[in-house]
Amino acid sequence: MHLLVVDRQGQEHRLEALEGWRVMEVIRDWGLSIKAECGGACACATCHVYVDQEWMSRLAPPTDEEIDQLDSAFFVESNSRLACQILMSPQTDGLRVTLAPDGE
């Protein structure tokens, strides 16, 4: 199982991932630049990513809690999601996301 991540410099990384792990955890544990300050509690929006359009309809829709957190994020787009709210599974194998700008 893998995840494709485009970093803030435009470089794509193919990261091995384990089923049940949050996309945020995979990105963080492979050492890419993602803050994830709340550790996956959906309380900070510092794991903001852009999901490739072809994947948007394949993911579970965001919860009201996630939408509320995205309201406090910078550079939000229609394909914005919090990486802590997307779980790796056979259905998300090959998911491609781009790290959102840091906002600082």
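What follows draws every value from the coordinates through simple rules; no lab data is involved. Note that the coordinates shown come from a computational prediction; the quantities given were computed from them, not determined experimentally. Neighbour counts run over all protein chains shown; Cβ positions are idealised from the backbone, glycine included.
Counting neighbouring Cβ atoms within 10 Å and putting the fewest first, the residues L3, L87 line up as L87, L3. Note on the chain: percent of Cα-Cα distances in each 5 Å bin, starting at 0 and stopping at the bin with the largest distance, equals 2, 14, 27, 29, 20, 7, 1.
Modelled spin labels at E65 and D52, positioned 7 Å past Cα toward Cβ, are 2.9 nm from each other.
Taking the chain as a Gaussian network of alpha-carbon nodes connected by springs under 10 Å, the highest mean-square fluctuation of the residues T92, T46, T63 belongs to T63. The value of relative contact order for the chain, using C-alpha pairs under 8 Å at least six residues apart, is 39 percent.
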